[in-house]
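Working notes for the structure below.
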Amino acid sequence: AARVHAVDVGRGQLAWKLRQDPRVVVHEGTNARYLSRGEIPEPVDFVTCDASFIGLATVLPATLALTAERAQLVALIKPQFEAGPGEVGKGGVVRDPAIHRAVCERIAGWVEAQPGWHVVGIAESPITGPAGNREFLIYARREG
């Protein structure tokens, strides 16, 4: 990549090696919900998102608005932050596969509703979240 914008609402999360790379622009203490051309002036070709305590439909709109006409997205779907309060079990774990499916379908529908975006696929992450939460990766492309 010619340039990488690393956005995190927290501080000190990015690995030191990446932080020292001159191609990486670090945006610590920055809420991705409010990103604009002021922070990221050039069109973004590839978006990755691993957000916690917030749903993708809440955190991604500003970022997707900054993408190039042809762009890609890989985001981690975390059912524990997407499901309704009555669907999350003890300890914040979503165990019901039907809820996993419903959450993935809802997020896929939301992505498809964004201008130019098309979901290519969703796969279960080989890595579980805290307390054993199953998480999923969504891959989408924007084509104009």
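For the condition basic (Lys, Arg), under 21 Å from Arg33 (Cα atoms) and part of a strand (DSSP E or B), Arg142 qualifies.
Of all residue pairs spaced 6 or more apart or on separate chains, those with beta-carbon atoms under 6 Å, a first member in the range 8-23 that is under 25 Å from Ile54 (Cα atoms) and a second member that is loosely packed, with under 12 Cβ neighbours inside 10 Å and modelled with pLDDT of 95 or more are Arg11/Gly29. Among the residues making up the range 61-85, those that are in contact (Cβ under 8 Å) with a residue 40 or more places away in the chain and aliphatic (A, V, I, L, M) are Leu64, Ala68, Ala71, Leu73, Val74, Ala75, Leu76, Ile77.
From Lys17, Lys90, which residue is exposed (fewer than 14 other Cβ atoms within 10 Å of the Cβ), modelled with pLDDT of 95 or more, more than 19 Å from the chain's Cα centre (by Cα) and of a type in the set (Lys, Arg)?
Going through Lys17, Lys90 in turn, just one is exposed (fewer than 14 other Cβ atoms within 10 Å of the Cβ), modelled with pLDDT of 95 or more, more than 19 Å from the chain's Cα centre (by Cα) and of a type in the set (Lys, Arg): Lys17.
This table checks each residue for (1) surrounded by fewer than 18 Cβ atoms within 10 Å (Cβ to Cβ); (2) outside any strand (DSSP E or B); (3) of a type outside the set (A, V, I, L, M, F, W, C).
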{"site": "Gln80", "(1), (2), (3)": "no, yes, yes"}
{"site": "Arg95", "(1), (2), (3)": "yes, yes, yes"}
{"site": "Val103", "(1), (2), (3)": "no, yes, no"}
{"site": "Gly121", "(1), (2), (3)": "yes, no, yes"}
{"site": "Thr128", "(1), (2), (3)": "yes, yes, yes"}
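Inside the range 1-35, can you point out the residues that are assigned to a loop (DSSP other than H, G, I, E, B) and in contact with a Leu (Cβ under 8 Å, 6 or more places away or on another chain)? Of everything in the range 1-35, just one residue is assigned to a loop (DSSP other than H, G, I, E, B) and in contact with a Leu (Cβ under 8 Å, 6 or more places away or on another chain), namely Leu35.
The set of residues in the range 1-14 that are surrounded by fewer than 10 Cβ atoms within 10 Å (Cβ to Cβ) and hydrophobic (A, V, I, L, M, F, W, C) comprises Ala1, Ala2. Across the range 36-72, the qualifying residues are those that are outside any strand (DSSP E or B) and among the polar types (S, T, N, Q), and the one among them that is nearest to Trp117 (Cα to Cα) is Thr63.
Within the range 122-137, residues that are within 15 Å of Thr48 (Cβ to Cβ) sit with their Cβ atoms under 7 Å from residues that are among the basic types (Lys, Arg), at 6+ positions apart or across chains, in these pairs: Glu135/Lys78.
The values are calculated or read from the model by the stated rules, or taken from the named source; none is laboratory data. Owing to the predicted nature of the structure, the values given are computational and were not obtained by experimental measurement. All Cβ positions, even for glycine, are placed from backbone atoms using ideal geometry, and neighbour counts span all protein chains on display.
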